[in-house]
Amino acid sequence: MKLFELSRADDPGQAIAAGAKATTAQQGADIRFIAGGTTLIDLMKLNVEAPQKVVDVTHLPLAKIETLSDGGLKIGAMVRNSDLAYHPIVRKDYAVLSEAILSGASPQLRNMATTAGNLLQRTRCMYFRDTTMPCNKREPGSGCAAITGVNRSLAILGTSEHCIATNPSDMNVALAALEAIIHIRGTKGDRSVPISDFHLLPGDTPQRETVLEPGDLIIHVTLPPPAPGSRSFYLKLRDRASYEFALASAAVVVTVDGGKITGARVALGGVGTKPWRSPEAETELTGQAATEAVFRKAADAALRDAKPQSQNGFKVELAKRCLVHALKLVTQTA
Amino acid sequence: MNPDLKAEDDPQVVATTYGPEHRLQSERGDPDAAFAKAPAKLDQTYVTPSETHNPIELQGTTAIWDGQMLTLYEESQAIFNMRTVLAQMFGLPKENVRVITKFVGSGFGSKLWPWTHCSLAAAAARQLGKPVKLVLSRKMMFQTAGHRARTQQRMRLGATQEGKLVSLMQDYVYERSMLDEYHENCGEATPFHYSVPNLRVKFGRARRNIGSPSDMRGPGAVPGLYATESAMNELADQLKIDPVQFRVLNEPKIDESLGVPFSSRHLLECLQLGAEKFGWSKRTPEIGSMKRDGLTLGWGMATAAWVAARFAAAANIQLRDDGTTRIACGTQDIGTGTYTILAQLAAERTGVPLEKVEVALGDTSLPEGPVSGGSMATASVIPAVLDAADDAIKSLLTVATTTPGSPFEKRKNDELAFENGRVFVKANGPASGVPFADLLRSADLRFVTGNGQSNATFGEEKKEKPKFSTHSYGCHFVEVTWQPEIARLRVNRVVSVMDAGRIINPLAGRNQIEGAVVMGIGMALFEHTTYDPQNGAPINSNVADYIMAVNADVPKLEVHFLDYPDTEINPLGARGIGEIGLAGIAAAITAATHHATGVRVRELPITIEKLI
Ligand SMILES: Cc1cc2nc3c(=O)[nH]c(=O)nc-3n(C[C@H](O)[C@H](O)[C@H](O)COP(=O)(O)OP(=O)(O)OC[C@H]3O[C@@H](n4cnc5c(N)ncnc54)[C@H](O)[C@@H]3O)c2cc1C
Ligand code: SF4
């Protein structure tokens, strides 16, 4: 770990001003906000991140969960993952979010981790985390060791010839299916970005992962009101039973009326370079009967563009089974 | 390429053909001819990957030079090994090296030998004239601090239609580094485990640009039994014979490789008890035929064996004038309960209550004790401790008969006895006894001491053919659940029965078997050190990417011990139990997996991609 200077921001303006001096808000940032620290400190210990300045944002007044007048939910950027997962409204109206968070990491980590930090957690690609290896995301232009190396856990959707890293978050997959909006405050004021536009595909700039610019502070995330009669569910598949990132996961929010699917939002995890919303699957589902054949068609559609690597071809079928099963369970209980 | 490479060490040659020059490990009869003629045959190759020990505690050394004396604070499984190697490397007399290991956060074999960091720390401390502490990172623990060697084993089994083995051939190859001489003895149990007139075990080796492999819990036998037991299960299926029955049909009467009887083998009883506790008779052999709560069940089993032997050991016991006793032995407690076992032994032999027994371990200034490896520490120290206790008691009786004013003055030693901490005249019975502390105080002695020794039955010191074949045995019965709709396989129930001699401490014993079964679940389903195909480095060199079983993967584990003392090995009849629990479990899980899914996994681990 490199030496760094730690300071504490007491109001958002202070944090933004401090952050604005950074040369980038992406890989290689010389100034970083720190929330729970469970991603950042980890990467600093590995020398993958080496900010000179670290600004503690956990004291900002951004740790509340509030209902909005339209029936939606406003989640502060500093709300801890545990508090979010166990919040009664979340458990009742946004079960998929609660289930996704609780399927990830461990209780200790979830007690530290925050909404903003989780949104910005970095890939678990083993080459990214090992500074002796080539990696375009960590060191643009150095090559991608994973494409020709060990890539079993990496992405099959949204990849490029420069990077195939998975976005590892479970929470983000649920947020994608819930159509969350990320609210950002920066030097030029406030802006709101739908989660589907927040994370970027790797393309030829895998070091750029989000739309964030220097100084940009996530202040909260809002969720639209739950669709009347909808049910949601998160299913995560992995090698062992606990404490592992997803090989494939599915977040589904479905409304069934008289045996017909009237509304469907589907997102996949563990397979995409970003939280993978699948409009293709949603189209296949909407207006159809809630049957396994329909689910399978939706899953085929979701994975139609999958591009497997040398070791992760099984993820195509695994993700399909995951989605089909999630849909089956969510419509069974409906 | 290394110019010293022997022909059979050439990676290309060995990996594809097992090498032109097989090394013969065991042979009897004419296995080729018998195999050729056998009515039922199996010819399959089984692969186990590199695995990394991953004890919780990292390896580390603190080295201190004090003039000519080098002291090392270590987390060693073998302090005397460490002393010998360091003395040699630094050109010191052994007496000038002291190694201290009071507690170890587990080792699984990775701490049996000094690795580079030990000598580096010692050299740096000498150079600086200051203590130096060097702790490896988790990543380094995957590189040059030992791992289980990758193995590839071709098994050929021939049998009659009735299920009697006629030929058994095992040809195995394992990987090692460019430099070391490590031997992964996959053929350890093969020659004696089943009755078969024609047998051959051969091996080859492949040199690789990797760190040196080393012993990992159940070295040799664990990968070896994965292959032999898998082959037995497959052949049983092929013959449509129940796998338990297939073992019964091939149970040997004697160790056919050595031509000597077994000291104590009750494998059939293990199988019987295991089958009964598990409910094996309800098994229907058709694939996917068993269901419960919407899950497909798979039932499988396998047997286990592990060497039972002793290393040389010495121990010392003091009986003290305050009624306490101190037992000292330069072995180490690696988390297996050696402190407790020694205290129990001393308490049992001297009658001093457990809370008044002090145990000193883990210091080369103590009498030389055994390595904590090969599941032999307990078996090895027992005779030495008992011998030391007897010696101390002898001294005590001499004090009793020679101290002026002693109630036993002028008695002969052999008129006296010592029980429950009291000395008494045999003819008068124990009730008349005097506490040993009183005798010592009246003789104005702080303590009497006794020294004990026992010899080795294993390793270089073993000279002639043994009179008996001594091993531990056992079996595992496993239930897996399978959900094809989400490709989810879980181990749901394990019943293990162990025939490991007398169990001195049932709690510690159960803990060893349960821990080994958990490790076995990891071996079967998850563990695999992955080398980067381009630069050869272990790439999943951390405990997030090297997947091991966690609590949520561990179902209810049922452990039974037969508890037949094996007095060939030591007077108490206790064999080791640290490793046998890991033998066979992976084969039982792959068999259960086949029963549930129809997929034969012959290369561990059973990852999801092999099942969909
Ligand atoms: C062992 C382990 C296992 C895990 N397993 C899982 C798992 O199974 N599933 C899963 O989803 N996750 C898992 N995680 C990841 C975990 O969820 C994330 O580390 C956590 O959510 C990050 O939150 P944090 O608050 O600690 O972030 P930090 O580490 O504090 O920050 C992460 C990033 O966010 C930036 N940041 C923080 N707050 C703001 C803000 N307000 N505005 C702008 N930028 C900000 C920081 O500058 C930093 O770059 C695991 C982590 C570990 C260590
Ligand atoms: S996949 Fe992306 S993160 Fe991984 S090595 Fe390639 S460029 Fe780096």
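A few notes on this one:
- Surface burial for A against B, with a 1.4 Å probe and both sides summed, reaches about 2300 Å² of accessible area.
- Charged side chains reduced to their Cβ positions (Lys and Arg at +1, Asp and Glu at -1) give segment B:60-144 a dipole of some 160 debye around its Cα centre.
- Shielded by partner chains, segment B:468-497 residues - at least 50 Å² of accessible area, 1.4 Å probe, vs chain alone: B:E485, B:I486, B:R490
- Sequence-distant lysines (8 or more away, or on other chains) whose Cα lies within less than 17 Å of A:K188: A:K21
- Among A:L217, A:L201, A:L46, the largest mean-square fluctuation in a Gaussian network model of chain A, built with springs joining Cα atoms closer than 10 Å, belongs to A:L46.
- Taking a ≥ b ≥ c as the square roots of the Cα gyration tensor eigenvalues, chain A comes out oblate, since a/c reaches at least 1.5 and a/b does not exceed b/c.
- Only Cα sites of segment B:60-144 enter the Debye sum here, all with the same form factor; the resulting log10 I(q)/I(0) across q = 0.18 1/Å is -0.70, listed in q order.
- In a reduced charge model with +1 at each Lys and Arg Cβ and -1 at each Asp and Glu Cβ, the protein assembly as shown shows a dipole moment near 820 debye about its Cα centre.
- Alpha-carbon centroids, segment B:168-223 and segment B:474-494: separation in whole Å: 28
- Ellipsoid equivalent to segment B:313-454 - semi-axes via the Cα gyration tensor, in Å: 29, 13, 13
- Rolling a 1.4 angstrom probe over the protein assembly as shown with all protein chains present gives an accessible area of which 52% lies on carbon and sulfur atoms.
- Once the Cβ-Cβ distance of A:E213 and A:Q52 is raised to the sixth power relative to R0 = 22 Å, the FRET efficiency obtained is 0.75.
- Computed helical MRE - 222 nm, chain B, DSSP H runs ≥ 4 contributing -39500 (n - 2.57), nearest 500: -8000 deg cm²/dmol
- For chain B, averaging the sequence separation of C-alpha pairs within contact (under 8 Å, six or more residues apart) and dividing by the residue count gives a relative contact order of 17 percent.
- Contact order for chain A, expressed relative to its length and based on alpha carbon pairs under 8 Å spaced 6+ residues apart, stands at 18 percent.
- Considering only B:I486, B:V434, B:M519, the residue lying farthest towards the positive end of the dipole of segment B:418-540 is B:V434, judged by Cα position with unit charges set on Cβ.
- Projecting label points 7 angstrom from Cα along Cα→Cβ for B:K394 and B:E269 puts them 3.5 nm apart.
- Taking one quarter of the surface of the C-alpha convex hull of chain B gives a mean projected area of 31.4 nm².
- Each of A:D30 and B:T84 was given a label point 7 Å from its Cα along the Cα-to-Cβ line. The distance between the two points is 5.8 nm.
- Here the ratio of the Cα radius of gyration of segment B:235-331 to 2.2 N^0.38 Å is 1.83.
- Solvent-accessible heavy-atom area per residue, rounded to whole Å², over segment A:203-243 at 1.4 Å: 37
- FRET efficiency for A:R8 and A:S106, using Cβ-Cβ distance with R0 set to 35 Å, rounded to 0.05: 0.85
- In the context of the full protein assembly, A:I218 retains an accessible surface of approximately 10 Å², using a probe radius of 1.4 Å and ignoring ligands and nucleic acids.
- 29 Å Cα-Cα threshold exceeded, pairs from B:K41/B:K277; B:K164/B:K610; A:K64/A:K92: B:K41/B:K277; B:K164/B:K610
- Taking all protein chains into account, the per residue accessible area for chain B stands at 39 Å² (1.4 Å probe).
- Rounded to whole Å, sorted largest first: equivalent-ellipsoid semi-axes of the protein assembly as shown, Cα gyration tensor: 56, 36, 28
- Nitroxide proxy distance, nm - points 7 Å out along Cα→Cβ at B:E286 and B:E27: 4.7
- Relative contact order [Cα under 8 Å, 6+ residues apart], segment A:230-331, whole percent: 28
- Hits among aspartates and glutamates - C-alpha to C-alpha of B:K356 under 18 Å, sequence gap 8 or more where chains match: B:D321, B:D322, B:E348, B:E419, B:D438
- √(5λ) per eigenvalue of the Cα gyration tensor, segment A:99-175, largest first, Å: 26, 13, 11
- Taking the chain by itself as reference, segment A:123-152 contains these residues with an accessible-area loss of 30 Å² or more in the full protein complex (1.4 Å probe, heavy atoms): A:M126, A:Y127, A:D130, A:M133, A:T148, A:V150, A:R152.
- Lysine pairs meeting the criterion (Cα under 23 Å, 8 or more apart or interchain), as found in segment B:60-144: 9
- Extension gain, A:T291 to A:I89, is 69.7 nm, computed as 0.36 nm per intervening residue step minus the present C-alpha separation.
- Note on segment A:28-152: antiparallel DSSP beta bridges, both residues inside, total approximately 55 percent of the bridges counted.
- The A:M1 and A:L68 beta-carbon pair, evaluated with R₀ = 35 Å, returns a calculated FRET efficiency of approximately 0.30.
- Normalised by 2.2 N^0.38 Å, with N the number of residues, the alpha-carbon radius of gyration of segment A:192-334 equals 1.12.
- Taking the charge dipole of the protein assembly as shown about its Cα centre, with +1 at Lys and Arg Cβ atoms and -1 at Asp and Glu Cβ atoms, the residue from B:F561, B:M140, A:H183 reaching farthest to the positive side is A:H183.
- Cα centre as origin, Lys/Arg/Asp/Glu Cβ charges: chain B dipole, Debye: 180
- Beta bridge orientation in the protein assembly as shown: antiparallel %, DSSP, nearest 5: 75
- Interface burial in segment B:580-609 reaches 10 Å² or more for B:T607, B:I608, B:E609, comparing the full protein assembly with the chain by itself; accessible area from heavy atoms with a 1.4 Å probe.
- Counted over segment B:224-372, the DSSP beta bridges are approximately 55% antiparallel.
The values are calculated or read from the model by the stated rules, or taken from the named source; none is laboratory data. Keep in mind that what you see is a predicted model, and the values were worked out from it rather than measured. Methodologically, a virtual Cβ is constructed for each residue, glycine included, from the backbone with ideal geometry; neighbour enumeration extends over all protein chains shown. Protein only, heavy atoms only, side chains kept; ligands, DNA and RNA dropped before computing areas. Shrake-Rupley method; radii C 1.70, N 1.55, O 1.52, S 1.80 Å.
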